Structures are given as C-alpha cells and as structure tokens.
1. For the structure I just gave you, tell me whether residue 48 is assigned to a strand (DSSP E or B), β-branched (Val, Ile, Thr), out of contact with any Asp or Glu (no Cβ under 7 Å at 6 or more places or on another chain) and in contact (Cβ under 8 Å) with a residue 12 or more places away in the chain.
2. Kindly indicate which of 28, 77 is at pLDDT below 90 and surrounded by 14 or more Cβ atoms within 10 Å (Cβ to Cβ).
3. Answer yes if at least one residue in region 49-58 is modelled with pLDDT under 90 and over 10 Å from the mean Cα position of the chain (by Cα), and no otherwise.
4. In this structure, does residue 98 turn out to be assigned to a strand (DSSP E or B), modelled with pLDDT under 90, touching a Gly at 6+ places or on another chain (Cβ under 8 Å) and surrounded by 10 or more Cβ atoms within 10 Å (Cβ to Cβ)?
5. Exactly one condition in (1) more than 15 Å from residue 103 (Cα to Cα); (2) part of a strand (DSSP E or B) is not met by residue 72; state its number.
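The values are calculated or read from the model by the stated rules, or taken from the named source; none is laboratory data. Quick caveat, the model's predicted, so the values are computed rather than measured. When we count neighbours, we look across all protein chains shown, and the Cβ atoms used for this are built from the backbone with ideal geometry, even at glycine.
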Amino acid sequence: MSVINKVLITGVIGDNPRITYLQQEEIVVNFILKNSYAKKNKDESLQTVVQFFNCSAYSRFINNLAKLVVPGNKVLVVGSLKQGSYKDKDGNYKNSVSITADSITVFGNKERNEEYE
C-alpha cells in the first residue's frame, strides 16, 4: 500500500519570514501561513475561524524563493505535512504539524492588494 502525503492550502504570508542560508547557495525560508474560513454557529450566524501553519520552503525546489515569501502575499502552498513534538516552557510535550513546501504560487502581493481595496 502506498502512502500519499500531500497538502494544498491557500493563505496569506505572516510577518517576519526567517531566511537561513545553507551550503552551496541553498536557502530555507520558514514562515507562517494564515488561513481562514467561515463556519456556522449553532444560531446559524457565521464565525471566521483563523488558523496558522508553520511552513518551510527550500530554494533547491523553488526559484526566487525570497521574493515569493513576503508578508501579506496571498499564496497557494503545495507540499507535505510533517508531524513533530516539542517541550513547552512548562516542560509539557506538545504535538505540532508543519508544512514543507514543494511549490508556492503567488496570487497577489500586499502592495497590489492595497491598491485595489
């Protein structure tokens, strides 16, 4: 049985992407992807649910990576899920899920969106 680990998600790049320069001109960009959707409450009113995903992207897969991962850009991220765990400041173990991007498509950038709003 083969296993498929693929995710497609749209959202907005959060503030302060972290760029790390690795060997042989490779870079990794770690960023937060903000995603939201509407959900009906029990009283039928709509509530906006906001989610934040930790994402990583590597330059060997994505051309012009640093130009794509700009705060405020609306993007489609295609990649795979990675599960991990960490210890919080109180010593409790927490589970985490992150996305490793294989591709990033920009739908618009912050400046353009501000022009049209």
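1. In short, yes.
2. Step by step, each of 28, 77 is checked, and only 28 is at pLDDT below 90 and surrounded by 14 or more Cβ atoms within 10 Å (Cβ to Cβ).
3. Yes: one or more hits.
4. Values: assigned to a strand (DSSP E or B): yes; modelled with pLDDT under 90: no; touching a Gly at 6+ places or on another chain (Cβ under 8 Å): yes; surrounded by 10 or more Cβ atoms within 10 Å (Cβ to Cβ): yes.
No.
5. (2)
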